[in-house]
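The values are calculated or read from the model by the stated rules, or taken from the named source; none is laboratory data. Not measured: the values here are computed from a predicted model. For neighbour counting, all protein chains shown are included, and Cβ atoms are generated from backbone atoms with ideal geometry for every residue, glycine included. Surface accessibility is based on the protein's heavy atoms, side chains included, excluding ligands, DNA and RNA. Shrake-Rupley method; radii C 1.70, N 1.55, O 1.52, S 1.80 Å.
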Amino acid sequence: MAPFTPGSGTAWAHLPRRVSLSDGSPVTLRVLVPEDADRLVALFADISYSDLRELRDNVLDERVVRRWCRYVNYERVLPVVAEADGRLVADATLHRKATSATVGRFRCYVHPSYRHRGLGALLLNEIMTIARNEGLRTLVVELFADQERLISSLERFGFKRQAFIPAYQTVVLAYDL
């Protein structure tokens, strides 16, 4: 039996692919593989507290990040990374649960040096394409209420507010695929 190759015969078989940012800089979008552990640790090495709280896991603890790479389960969490000049500059994930075959959750981290160049939108579009190919109907994003600019940006993208969870000060947005 041939070894599993991320992308072969899947909804993300079109990856890897090269894209250009708004400033013309090239990046490659591809699926994270276990061998990316060191580069993923490096991506999160200087993460700010405000960014860290969004990811729900302590990515400053390299054991957490290495565990993600060692035990990657593409059916449960599909990580798509952006690579430039041999280093990872962003990580976006599509989270799925067996109990909800039609809803996926999106999370994304873009290194500050690559923000405001369209990379987040490219990754969101990539995850949306994969989610559609997987047969999902809805993509959900959970953000803290104080992230007003990001919430507004997602609303301009077509996401709609679905809920506010006061205990967590969290806004839930959804996009119909």
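Okay, residues lined up against (1) out of contact with any Ser or Thr (no Cβ under 7 Å at 6 or more places or on another chain); (2) of a type in the set (V, I, T); (3) open to solvent by 20 Å² or more (accessible area, probe 1.4 Å):
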{"position": "D46", "(1), (2), (3)": "yes, no, yes"}
{"position": "D57", "(1), (2), (3)": "yes, no, yes"}
{"position": "E62", "(1), (2), (3)": "yes, no, yes"}
{"position": "L78", "(1), (2), (3)": "no, no, no"}
{"position": "G86", "(1), (2), (3)": "yes, no, yes"}
{"position": "T93", "(1), (2), (3)": "yes, yes, no"}
{"position": "S100", "(1), (2), (3)": "yes, no, yes"}
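Kindly provide the set of residues from region 23-41 that are surrounded by 13 or more Cβ atoms within 10 Å (Cβ to Cβ) and more than 19 Å from L60 (Cα to Cα), ordered by number. Once the filter is applied, which keeps residues that are surrounded by 13 or more Cβ atoms within 10 Å (Cβ to Cβ) and more than 19 Å from L60 (Cα to Cα), region 23-41 yields S25, V27, T28, L29, R30, V31, V33. Of these, L29, L40, L60, L88, which one is farther than 18 Å from E142 by Cα and part of a loop (DSSP other than H, G, I, E, B)? The match here is L60.
When each of L150, L123 is tested for being under 18 Å from L55 (Cβ atoms) and modelled with pLDDT under 95, the lone residue that passes is L150. Contact map, region 11-22: first residue more than 12 Å from L119 (Cα to Cα) and modelled with pLDDT under 95, second residue part of a loop (DSSP other than H, G, I, E, B) and open to solvent by 20 Å² or more (accessible area, probe 1.4 Å), Cβ cut-off under 8 Å, separation 6 or more or different chains; pairs are A11/E134; W12/P6; L15/P6.
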